[in-house]
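Reading through the structure tokens given below for one structure.
The numbers here are math on the coordinates, done by the rules we state, and not lab data. Keep in mind that this is a model prediction, so the values were computed, not measured. So basically every Cβ, Gly included, is an ideal-geometry build from the backbone, and we count neighbours across all protein chains shown.
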Amino acid sequence: MPDSTDLHQPSQPSTAHRPQRDVSDLFSGGRLLAIPRRAARREQLLVHLAETLFAVDRDYTEPEVNEALRTVHEDCSALRRYLITSGLLTRTRDGRTYRRSTTTR
């Protein structure tokens, strides 16, 4: 009889445990060449940006978020919106404070 832990093993690992695909091909000289149109590729980029630009235990103002995002791409507004809608950054109701999400993807 198979071990009960084997009965519910997914055929592929979930995205929470799957190694992130390298996003280095999206950058040149430390700058993002373009925001990917494909949602899956854009999500990989957003995870990378959240992990490299924002500390988990720190609050950020909108200007601080914009400044961090501008280090990689001029369209900081689009990147900020994508990070919020993907749940990688959270924002207070009044929009004054941003924070990197602590939930695992």
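Brief remarks follow.
- Kirkwood Rh in Å, taken over region 24-105 so that all alpha-carbon pairs contribute: 12.8 Å
- Here r is the Cβ-Cβ distance between ALA40 and ALA78 and R0 is 25 Å; the resulting FRET efficiency, rounded to 0.05, is 0.90.
- Per-pair calculated FRET efficiency, R0 = 25 Å: SER86 and ASP22 via Cβ, rounded to 0.05: 0.85
- Qualifying trypsin sites (Lys or Arg not before Pro) in region 26-104, DSSP loop, other Cβ atoms within 10 Å at most 14: ARG37, ARG38, ARG58, ARG93, ARG96
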